[in-house]
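Working notes, structure below.
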Amino acid sequence: MSFRFNFFDDDRYSSSQNSDVGSTSSCVVPKEHPYDRENITLLFSQWVEVKLLDDLGLFYLNNVDKGKMETVTEHSDLVPNVYEGGFEVWECTIDILKYFARHEDKFANMDAVLDLGCGSGLLGIYMALRHHPETVHFQDYNPEVIENFTIKNYHKNCSLPSGVDLVGISPPPPSPSSARFFSGDWDDMEGFFETYHLIISSETIYNRDSISKVLRIIARHLRREGGVALIGTKRHYFGTLLGGGLVEFQEQLKGYPELKSTVVWSSEKGLTRDIVLVTFK
């Protein structure tokens, strides 16, 4: 079976210009998805490995059952307010994973983590495996993404086979009770989100509306003392329905005088990409 990486093309952003979906209203009902580890089957699954360290590789599902999103994803990698690109592993996700691997000590004591717009969930999975926070929450717009992609990826990476003795395993696997999974529009998640030590997000600020939502979540749900938000983004996203990226994010951030941002990593290869760190002043 063939598969594609969309790391170095701009199909996601150009194809969305041709969408008939112009409404900003949400098409999904917010909900929590149970992690029923005893009833998850990974038979016949095909996996892609992202190798980060000598002792760590993360796996994500290649042959994903996209459910009713199948017909949508045949024509576009993103349709605003219908399908938000969660079945793809975007380039900036890999950027953040590599940043994590280079700066392990900076993220070692994050006890509550939110993977915002999680898609594959690889960012939250990395934190769960390496640093064992008490809480790891995964959120994506589409329930199909959470149920058929995020949870299965988490199960593959973070669960041991039934009957395996945990004694002597180092590091131990994450506690299943630490992970919770949500779907829905960000404006509807207020009753689900908590206060987090670390908020991670990749390629979610691709238009002005999404930037405003991400900033509201950071302002409301990031811990004021020691809290960090880490966002991977293109410098610019081009297209009539887009117009987001780092530059627009920094412009909108001016409306939050209590927050400050620092670009901690950049790449000029292909479309310029950045990782920006946001904290309270």
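The values are calculated or read from the model by the stated rules, or taken from the named source; none is laboratory data. Quick caveat, the model's predicted, so the values are computed rather than measured. Cβ sites come from the backbone with ideal geometry, for glycine too, and all protein chains shown count toward neighbours. Please note that ligands, DNA and RNA were not included when accessible areas were found on the heavy atoms of the full protein model with its side chains. Shrake-Rupley method; radii C 1.70, N 1.55, O 1.52, S 1.80 Å.
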Q | Computed lengthening from ASN63 to ARG216, 0.36 nm per intervening residue step minus Cα-Cα distance | A | 51.6 nm
Q: Please work out the average accessible area per residue across the stretch 56-98, using the 1.4 Å probe convention, and give it in Å².
A: 33 Å²
(Q) If you average the C-alpha positions of the stretch 235-281 and of the stretch 109-148 separately, how far apart do those two centres end up, in angstrom? (A) 22 Å
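Carbon and sulfur atoms: what percent of the 1.4 Å accessible area of the stretch 39-164 do they account for?
Result for the stretch 39-164: 47 percent of the exposed heavy-atom area is carbon or sulfur.
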Q: Using amide H atoms built 1.01 Å from N in the peptide plane, name the residues 5+ places from PHE59, or on other chains, whose amide H lies under 5 Å from its own.
A: VAL50
Q. Considering only protein heavy atoms, what is the solvent-accessible area of PHE192 at a probe of 1.4 Å, reported in Å² to the nearest 10?
A. 50 Å²
(Q) Once R0 is set to 25 Å, what does the formula 1/(1 + (r/R0)^6) return for the Cβ-Cβ distance between GLU74 and GLN46, expressed as a FRET efficiency to the nearest 0.05? (A) 0.85
Q | Charge dipole (the stretch 167-281, unit charges on Cβ, about Cα centre) - positive-most of PHE280, SER175, PHE192 | A | PHE280
Q) Structure shown: which of LYS213/LYS281; LYS68/LYS98; LYS51/LYS260; LYS68/LYS269; LYS31/LYS254 lie over 29 Å apart, alpha-carbon to alpha-carbon? A) LYS68/LYS98; LYS51/LYS260; LYS68/LYS269; LYS31/LYS254
Q) What's the FRET efficiency of GLU225 with HIS103 using the Cβ-Cβ distance as r and R₀ = 22 Å, to the nearest 0.05? A) 0.60
Q: Rounded to the nearest Å, what's the spacing between the alpha carbon centres of the stretch 52-88 and the stretch 208-232? Just the number, please.
A: 24 Å
Q. Kirkwood Rh, the stretch 176-246, all Cα pairs: how many Å?
A. 13.3 Å
Q: Mind grabbing the accessible area of HIS33 for me, 1.4 Å probe, Å², rounded to tens?
A: 10 Å²
